[in-house]
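These notes concern the structure reproduced below.
The values are calculated or read from the model by the stated rules, or taken from the named source; none is laboratory data. From a predicted model like this one, the values you see are computed outputs, not experimental measurements. Virtual Cβ from ideal backbone geometry, glycine too; neighbours counted across all protein chains shown.
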Amino acid sequence: MKFILSLMLSLFALTSHAVVDGHKYPFDNDVDKERFEILAEELRCPKCQNQNLADSNAPVASDLRDKVYELMQEGQTDDEIVGYLVDRYGDFVRYNPPVQKNTFFLWFAPGIMVLIALGMIISLTRGSKKEPTLSDEEQAKLAKLQAARKQQDGGQHKNQADNSVENSEKRDS
């Protein structure tokens, strides 16, 4: 009985299956299975746009998974498979398109935007730290205004105190 059980387990272990989106793709070894899973995760579904082939339920994604499996069974390398799909669907099918003239903005615009934002932040923070300096004439005017304000505030406080004393005397009488 143990012999039959071990024989059955050995037979089941001989073939590997890559399961993507519930579909089974039989491979002769685990290396090809791993390659298939990596390719299915690195290639984008042309219809879904933000899903890879492994996650997409779209019919075109299923067709592309079948095509990747077929090309792998023919013995093509990963680069040849990706090249085939890029020739047919363009660089869009890749999640990481190569740096080329037509993808230059895609690769470098985020970094340029961050540098511009940092420059703006630095210029704004440096500008707010500087206090405006007053000329001698302006400082003299400021001193006069402050002295006048103190006199005015002092006079108002004296008047308020006199008024409060008068009010309290009226209440007492």
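Okay, here's what the table says:
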item	result
Residue satisfying all of: in the range 124-142; assigned to a loop (DSSP other than H, G, I, E, B) and surrounded by fewer than 10 Cβ atoms within 10 Å (Cβ to Cβ); modelled with the highest pLDDT among these	SER135
Selection count where residues are in a loop (DSSP other than H, G, I, E, B), among the hydrophobic types (A, V, I, L, M, F, W, C) and at pLDDT 90 or above, scope the range 56-107	0
Residue match in the range 11-32 (condition: closer than 18 Å to VAL93 by Cα, surrounded by 14 or more Cβ atoms within 10 Å (Cβ to Cβ), modelled with pLDDT of 80 or more and among the acidic types (Asp, Glu))	no
Test: ILE121 is at pLDDT 80 or above, within 30 Å of GLU41 (Cβ to Cβ) and not in a loop (DSSP other than H, G, I, E, B)	no
Failed item, numbered, when ARG149 is tested on (1) surrounded by 10 or more Cβ atoms within 10 Å (Cβ to Cβ); (2) basic (Lys, Arg); (3) at pLDDT below 80	(3)
Residues (more than 11 Å from LEU39 (Cα to Cα), of a type outside the set (Ser, Thr, Tyr) and within 30 Å of the chain's Cα centre (by Cα)) located in the range 54-84	ASP55, ASN57, ALA58, PRO59, VAL60, ALA61, GLY83
